[in-house]
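Read-outs: derived from the displayed coordinates by stated rules, not from any lab. Not measured: the values here are computed from a predicted model. Neighbour counts run over all protein chains shown; Cβ positions are idealised from the backbone, glycine included.
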Amino acid sequence: MSDALIHCENLAKHYKIGSQEVRALQSVSIDIDGGDYVAIMGPSGSGKSTLMNILGCLDTPTSGTYILNNKTVSSLVDDQLAEIRNKEIGFVFQTFNLLPRYTALENVMLPMIYAGYSTSEREKHASEVLAHVGLADRMYHKPNELSGGQRQRVAVARALVNSPSIILADEPTGNLDSKTSVDIMGLFADIHTQGNTIIVVTHEEEVALHAHRVIRIRDGFIESDVRTKKFEKVKS
């Protein structure tokens, strides 16, 4: 078994649309080590979103093997995948996906409910994580009282709160202006220096420049896999 945090071997994903078969992924094999910072890029229809869904345990491959943190997740059923998602993966989405009636603190506390933390533990840890992303003075504000950048910081805090193996970000700056995008990518850089594994799915070259490795996908295959910066694991 590979000692990589993520080990994917010959992943394929095929869909049926009417009588037509769509081969979204075809024989994708990658390893990602703990503490790495990877950008996955590709044009529309390349298969990058399909790969993200499989890596995030939101979908299962048609064939191939996916091992996450020494667990073979490619053959798990929905309930098992949901548990893996909650424990191992922190998601950051382009559209933030915050609950509008909840405060920033309540939004960040949500994943901890499913993880079984007590109310006092949830409040204490969620407050600490919000302070870490620069929102100590905004934790009781609701999403409509926050700027786009602040909402994305809440989403990042929510992703971090259960100390997952991976932060998986899908177009995290897609709804932000240029200055705010730079701020958010600076936040990701700070999180990475503390030893977190980050995978960013993006079509923006400026976002990919922050990663230490860029994987480009085209027509369901890996077109290139290039390390752009020296990778050094942060010692815990």
Legend entry - Under 17 Å from K142, Cα to Cα: aspartates and glutamates that are on another chain or at least 8 residues apart: E106, E123
Inset, instruction - Round to a whole angstrom and tell me the spacing of the C-alpha centers of the stretch 139-170 and the stretch 6-84. - result: 24
Inset, instruction - Show the residues, 5+ positions off or on another chain, whose built amide H is closer than 5 Å to the amide H of L76. - result: none
Legend entry - log10 of Debye I(q)/I(0), alpha-carbon scatterers only, for the chain at 0.14, 0.16 Å⁻¹: -0.91, -1.17
Inset, instruction - Starting from the amide H of T62, placed 1.01 Å from N in the peptide plane, find each other amide H under 5 Å away whose residue is 5 or more places distant or on another chain. - result: A12, K13, H14
Inset, instruction - Take every Cα pair under 8 Å in the stretch 6-227 that's 6+ residues apart, average their separations, divide by the length, and report that relative contact order as a whole percent. - result: 30
Inset, instruction - Please report F221, F188 as a ranked list, fewest other C-beta atoms within 10 angstrom at the top and most at the bottom. - result: F221, F188
Inset, instruction - Determine ³J(HN,Hα), in whole Hz, for all residues of the stretch 24-33 in sequence, where each value follows from phi through the Karplus function 6.51 cos²θ - 1.76 cosθ + 1.60 and θ = phi - 60°; x replaces Gly and Pro. - result: 6, 10, 9, 6, 9, 10, 8, 10, 10, 7
Inset, instruction - Enumerate the aspartates and glutamates that K230 could reach by cross-link, defined here as Cα to Cα under 17 Å, with residues fewer than 8 away along the same chain left out. - result: D31, D33, D36, D190
Inset, instruction - Quick one: which residues, 5 or more positions from R218 or on another chain, have an amide H under 5 Å from its amide H? H modelled 1.01 Å from N in the peptide plane, none for Pro or chain starts. - result: E223
Inset, instruction - Please get the size of the charge dipole for the stretch 6-227, origin at its Cα centre, with Cβ charges of +1 on Lys and Arg and -1 on Asp and Glu, quoted in debye to the nearest 20. - result: 280
Inset, instruction - Taking the Cβ of each residue in S165, S63 as the centre, tally the other Cβ atoms inside 10 Å and list the residues starting with the fewest. - result: S63, S165
Legend entry - Ellipticity estimate at 222 nm from DSSP helix runs (n ≥ 4, -39,500 (n - 2.57)) divided over the chain, nearest 500: -10000 deg cm²/dmol
